[in-house]
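What follows is calculated from the coordinates using simple rules that are stated; it is not laboratory data. Since this is a predicted model, take the numbers as computed values, not measurements. Glycine also receives a Cβ, built like all others from the backbone with ideal geometry; neighbour counts cover every protein chain displayed.
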Ligand SMILES: NC(=O)c1ccc[n+]([C@@H]2O[C@H](COP(=O)([O-])OP(=O)(O)OC[C@H]3O[C@@H](n4cnc5c(N)ncnc54)[C@H](OP(=O)(O)O)[C@@H]3O)[C@@H](O)[C@H]2O)c1
């Protein structure tokens, strides 16, 4: 099977059991080992079950990503066991920067060549742009979740549209992308 992200062997997904759960499955389907972060062990179990029989696998990481010590420990453990992370997909609730800084520090402890930090942000980013950036060799990519206007009516994105947009960002390595649209901002769903 053609694999458009053949350079990715190991990925970390923060926010893995919510709307990004189908992304984890797609990555596993491409033979990738996915470190899946969420607090709830049961939902991680379900994700692991769904990935059964595919080429890659899910490594469940049941932790609160706001606990920096635990996050550091688990990322270090994951990389010791599996090898350096190639891609991190981060859908994180506030405060965001300490979580991203922890990820970058831990990945850089094991990896000295470029890797992708795909940061998924909500549409409020349109009004309050997120300006933090990591040091190299991290390649920071920001994916803004917008909305859709169809037949004159606006709606929020479906989970599948979000996953397709994030996956496209990994493949295309764009620095910035918007899933759907954020203009005109006044037309966003209320
Ligand atoms: N512009 C748009 O269209 C747009 C933008 C944003 C959101 N949305 C929609 O909003 C819906 C709900 O969003 P949501 O924020 O609830 O996201 P979600 O992706 O549905 O769930 C949040 C994910 O993050 C994990 N998580 C949350 N806090 C955590 C923590 N402190 N530590 C570790 N993991 C944590 C959750 O697992 P645990 O709870 O087990 O930790 C879960 O895996 C989405 O399904 C999406 O469709 C749409």
Neighbour-count order for 167, 65, fewest beta carbons within 10 angstrom listed first: 167, 65
Length released on extending from residue 171 to residue 159, taking residue separation times 0.36 nm less the Cα-Cα span: 2.5 nm
Per-selection metrics, the chain (Cα): Rg and Dmax in Å: 16.3, 52
Inter-centroid distance (Cα atoms) of region 31-93 relative to region 139-190, Å: 25 Å
Sequence-separation-based contact order of the chain, relative, with Cα cut under 8 Å and 6+ spacing, percent: 19 percent
Reciprocal mean inverse distance between Cα atoms of region 1-74 - Kirkwood radius, Å: 12.3 Å
Cβ-based exposure ranking for 153, 181, 17, in which fewest neighbours within 10 Å come first: 153, 181, 17
Estimated distance in nm for a label pair at residue 101 and residue 55, the labels positioned 7 Å out from Cα along Cα-to-Cβ: 3.9 nm
Inter-probe distance in nm under a simple model that places probes 7 Å from Cα toward Cβ, at residue 185 and residue 81: 4.4 nm
Between helix 159-172 and the chain: long-axis angle, C-alpha atoms, 0 to 90°, nearest 10: 70 degrees
Per-residue [θ]222 nm for the chain (sum of -39500 (n - 2.57) over DSSP H runs n ≥ 4, rounded to 500): -10000 deg cm²/dmol
